[in-house]
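Structure first, commentary second.
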């Protein structure tokens, strides 16, 4: 039996950009991997590299998605093989996942909320989760901040995951926690000069498909995920407009063609 060995190599490395921790994914010029990475949540693509927020990165899940596409070198971020350990956290309470799906949260948000809420359940294992007091929850959040050094983004996501259960699933009154919500870091975006944009477009001019893709990304200000979802009917040539369906926040909008 022939054993398939991927020719492309993906290298994972921990990096810091603008004071924030990322996992850098180096993949060369493999277009299939580029397209797959472009669909990842909050990804930043720069040439043959992609940057994924470290607080949301799960090595085992990434490995499962890309192991058939490339050889994955994860030695820089993990010394042992990526094996899925048995999840010993308590199962979600009845109605939590169903309510998330009912309000049509994105798949990424569902994964984050369910994972963080199961962490919360594990911390209070042995207690009836519906009877945990706001004071105990405040203590848990302070523990995560001081002992686990969670990021401001993760702090807010964990608070939202907890509030969702008590307010949306159990229907209790809105809860206010004494732990101040962390402010998100405000960093300046990486900006390309006109000369750099021209070099990118010139490099793709021999491939009409990629030339069109990069031209639309630049001129219309689209996200990569929005570009990949475009249909011919979304292009209004007479009005020089592009209709973006269900973009960020599941909102439709028009942008210039």
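Just so you know, all these numbers are worked out from the coordinates, no wet-lab data involved. Keep in mind the model is a prediction, meaning the values are calculated, not measured. Note that each Cβ is placed from the backbone with ideal geometry, even for glycine, and that neighbours are counted across all protein chains shown.
The table for this structure:
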quantity	calculated
Helix-derived mean residue ellipticity, 222 nm - over the chain, DSSP H n ≥ 4, -39500 (n - 2.57), to 500	-11000 deg cm²/dmol
C-alpha long axis of helix 152-163 to longest principal axis of the chain, angle in °	50
DSSP-defined antiparallel bridges as percent of all bridges, the chain, nearest 5	90
Folded to 0 to 90 degrees: helix 134-147 orientation relative to the chain principal axis, Cα	50
Mean Cβ count within 10 Å, highest first, over the residues of peptides 123-134, 163-174	163-174, 123-134
Spherically averaged projected area in nm², based on the convex hull that wraps the Cα atoms of the chain	18.9
Solvent-free Debye scattering, log10 I(q)/I(0), computed from the Cα coordinates of the stretch 9-73 at q = 0.17, 0.18, 0.24, 0.29 Å⁻¹	-0.52, -0.58, -1.09, -1.61
With Cα atoms, 0 to 90° folded angle of helix 208-220 axis to the chain main axis	60
Using distinct alpha-carbon pairs, which all enter the 1/r mean, Kirkwood radius of the stretch 107-246 in Å	19.3
The stretch 42-142: Cα Rg divided by the 2.2 N^0.38 Å rule of thumb	1.35
Descending Cα extents along the principal axes, the stretch 206-251, whole Å	35, 24, 16
Bins of 5 Å, starting at 0 and running to the largest distance - Cα pair percent for the stretch 96-169	3, 15, 28, 27, 17, 10, 1
